[in-house]
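Asker: Here it is: the structure, laid out below.
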């Protein structure tokens, strides 16, 4: 199929319709989401792994865990004393 200069100019100058623009945006968004999802996941995993390696992070996690256990124990002892009574020593 051979195109004339006039046909080529007409094809080039043809304006995109709203549906064409929407389809292009959808395709670009889909590709960007694929690309960003994999890069973002990898970056987050690396950042979290790096932060958890430090001694300060481990101490903070331990402190938060202790606080939660203490609050749970208090709640159980006030609201459900029979649970504590069932614990055998």
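Read-outs throughout are calculated quantities, based only on the coordinates presented, and are distinct from any laboratory measurement. Quick caveat: nothing in here was measured; it's all calculated off a predicted structure.
Asker: Per DSSP helix of 4 or more residues, -39500 (n - 2.57); summed, then divided by the residues of the chain. What does that give at 222 nm, rounded to the nearest 500?
Answerer: -28500 deg cm²/dmol
Asker: Considering the values (1) 38, 19, 12; (2) 17, 16, 12; (3) 66, 20, 9, which represents semi-axes √(5λ) of the Cα gyration tensor in Å as calculated for the structure under consideration?
Answerer: (3)
Asker: Full-extension gain between residue 69 and residue 17, please, as 0.36 nm times their residue separation minus the C-alpha to C-alpha distance.
Answerer: 12.6 nm
Asker: GNM, the chain, Cα, under 10 Å: largest mean-square fluctuation among 42, 34, 74?
Answerer: Looking only at 42, 34, 74, the biggest GNM fluctuation is shown by 74.
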